[in-house]
1. Take the residues in the range 125-146 that are at pLDDT 90 or above and loosely packed, with under 12 Cβ neighbours inside 10 Å; name whichever of them is nearest to ILE230 (Cα to Cα).
2. Within the range 176-190, is even one residue part of a loop (DSSP other than H, G, I, E, B), surrounded by fewer than 18 Cβ atoms within 10 Å (Cβ to Cβ), in contact with a Lys or Arg (Cβ under 9 Å, 6 or more places away or on another chain) and touching a residue at least 12 places away in the same chain (Cβ under 8 Å)?
3. Only one of (1) touching a residue at least 60 places away in the same chain (Cβ under 8 Å); (2) of a type in the set (Asp, Glu); (3) not in a helix (DSSP H, G or I) is not met by GLU160, so which one is it?
4. Looking at the range 111-123, which of the residues that are open to solvent by less than 80 Å² (accessible area, probe 1.4 Å) and of a type in the set (Val, Ile, Thr) is modelled with the lowest pLDDT?
5. Quick check, is VAL91 farther than 21 Å from MET306 by Cα and either at pLDDT 95 or above or surrounded by 14 or more Cβ atoms within 10 Å (Cβ to Cβ) (or both)?
6. If the Cβ limit is 7 Å and pairs must be 6+ apart or interchain, which residue in the range 109-135 that is closer than 17 Å to LYS77 by Cα pairs with which residue that is of a type in the set (S, T, N, Q) and at pLDDT 80 or above?
7. Answer yes or no: is there a residue in the range 32-40 that is touching a residue at least 40 places away in the same chain (Cβ under 8 Å), closer than 21 Å to TYR198 by Cα, outside any strand (DSSP E or B) and in contact with a strand residue (DSSP E or B) (Cβ under 9 Å, 6 or more places away or on another chain).
Amino acid sequence: MKREKTKLITSIGGQALMEGIMMRGPKKTTVAVRKSDGTIELEEIQPLDWSKKHKILGLPIIRGVVNMIDSLVTGMKALTMSADKMLDEEVEEEEMSKFDKWVDKHFGEKAVNIIMGIAMFIAVVFCVAVFFYVPTWIFNLLASAFPFLNDTMIWRSATEGIMRIALFLVYMVFCTANKDVKRVFQYHGAEHKTIFCYEYGLDLTVENVRKQRRFHPRCGTSFLVIMLIIGIIIGLFIPFTDVWLRSSVKILLLPLTVGVGYEIIKICGRHDNLFTRIISAPGMWVQHITTKEPKDDMIEVAIAAMKDVIPENGEDRIG
C-alpha cells in the first residue's frame with residue numbers, strides 16, 4: 001500500500017504500556033498512564049542515550065545494537081512504571097494472602113521490579129529456545145526423512161526462517177486472545193495514529209487522531225519482521241547443521257542482524273518510494289495483529305504523552 005506523503009517526519013517514537021503510552025522525543029521521554037480514577041498522570045523517564053554521549057556508539061550498525069539495548073531497558077522501566085501506577089491503590093492487609101505479605105515484607109516497593117525482571121528472563125530464555133533451536137531441530141528431522149533438503153543451504157535457511165515467522169505470527173495472534181494484551185495493542189494503535197496526526201501537521205485532537213492510519217513504517221513490529229527476514233539471508237552463510245552449533249552461531253550474529261535491521265528501518269522511515277514500500281510491506285501487514293483501533297480515552301493518553309515531548313525548536317524533524 002502506498003503511503004501518503006506527510007508534511008514532516010518526526011524522530012519521536014513510542015511504546016504501548018499497560019493502560020498507557022511512552023513517547024520518546026529528542027529532549028524528553030514521557031510516560032502517560034490512565035489511572036483508575038480516570039485522570040492521566042505524566043512522568044518523565046530517563047533513557048540511557050549512550051549513542052548521544054559517545055560518538056562511536058552512533059556509527060551505522062553499532063547504533064542499531066546500542067539503540068535496541070536502550071529501547072529494551074527504557075521500555076522495561078516504562079512498563080514497570082505503568083504497572084506501579086495501575087496498582088497504586090493500597091491493598092488492605094486482611095485481603096493480602098500469606099505469599100503477598102511475605103513478598104511485601106521482604107521486597108516492598110521493589111517487588112514489581114523483581115517479578116517483572118524474572119518474567120523478562122523467562123521470556124528471553126523461552127524466545128531463544130523457540131525461535132532459534134526449535135526450527136533447526138525440526139528441519140533436521142525433516143532432512144533425515146527427505147535427504148534432498150540437505151542438497152543446498154537455501155532449503156534449510158528458508159524453511160527455518162519461515163518457521164520462525166510462522167511461530168512469531170501464531171504467538172502474536174495468541175496474545176490478542178488476552179484482553180489485557182489486546183488493550184495494549186489498542187494503545188499501540190493510539191500511539192501510531194497520534195504520531196501520524198502530528199506528522200501531517202494537524203492539531204492533536206481526538207477527532208483528528210482518530211482519522212489516521214494505525215500502521216507506521218517505523219514501528220517496532222516492522223523492525224522485528226525485518227530482523228526475521230535478515231536472519232534468513234544470514235542463515236545462508238552458516239554452514240553448520242548441528243542444532244546447537246548452528247543456533248549458537250545465529251545468536252552470536254544477532255548484533256549484526258539488529259544493526260542491519262535498524263539501518264533498514266531508518267531508511268524506510270525517512271523515505272517513501274517503491275523500494276521502501278516493498279521492504280516495509282511485511283511489517284505493515286503484521287501490524288494488523290499488533291495494533292488495534294483505540295478508544296477515545298486511549299487516544300487522549302497518547303496525545304498527552306505526545307504533547308509533553310514535542311520540542312519547541314523542531315529538533316525532532318528528520319524529513
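1. Looking only at the range 125-146, we keep the residues that are at pLDDT 90 or above, and these are 133-146.
If we keep only those that are loosely packed, with under 12 Cβ neighbours inside 10 Å as well, we get 141, 144-146.
Numbers: LEU141: 24, SER144: 26, ALA145: 28, PHE146: 26 Å.
Selected residue: LEU141.
2. Looking for residues that are part of a loop (DSSP other than H, G, I, E, B), surrounded by fewer than 18 Cβ atoms within 10 Å (Cβ to Cβ), in contact with a Lys or Arg (Cβ under 9 Å, 6 or more places away or on another chain) and touching a residue at least 12 places away in the same chain (Cβ under 8 Å), one finds at least one in the range 176-190, hence yes.
3. (3)
4. For the range 111-123, the residue satisfying everything is VAL112.
5. On the way: farther than 21 Å from MET306 by Cα: yes; either at pLDDT 95 or above or surrounded by 14 or more Cβ atoms within 10 Å (Cβ to Cβ) (or both): no.
No, not satisfied.
6. So the pair list comes out as VAL112/THR80; ASN113/THR80; MET116/THR80.
7. no
Listed here are the residues, each with its yes/no results for (1) in contact with a helix residue (DSSP H, G or I) (Cβ under 6 Å, 6 or more places away or on another chain); (2) open to solvent by less than 60 Å² (accessible area, probe 1.4 Å); (3) touching a residue at least 40 places away in the same chain (Cβ under 8 Å); (4) under 14 Å from ILE195 (Cβ atoms).
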site	(1), (2), (3), (4)
SER280	yes, yes, yes, no
TRP285	no, no, no, no
HIS288	no, no, yes, no
THR291	yes, yes, yes, yes
ALA302	yes, yes, yes, yes
ALA305	no, yes, yes, yes
VAL309	no, yes, yes, yes
GLY314	no, yes, no, no
ARG317	no, no, yes, yes
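The values are calculated or read from the model by the stated rules, or taken from the named source; none is laboratory data. All of these numbers come straight from a predicted model, not from anything done at the bench. In this analysis, Cβ positions are derived from the backbone assuming ideal geometry, glycine residues included, and neighbour counts consider all displayed protein chains. Note: accessible area is taken over every heavy atom of the protein model, side chains too, but ligands, DNA and RNA are not part of it. Shrake-Rupley method; radii C 1.70, N 1.55, O 1.52, S 1.80 Å.
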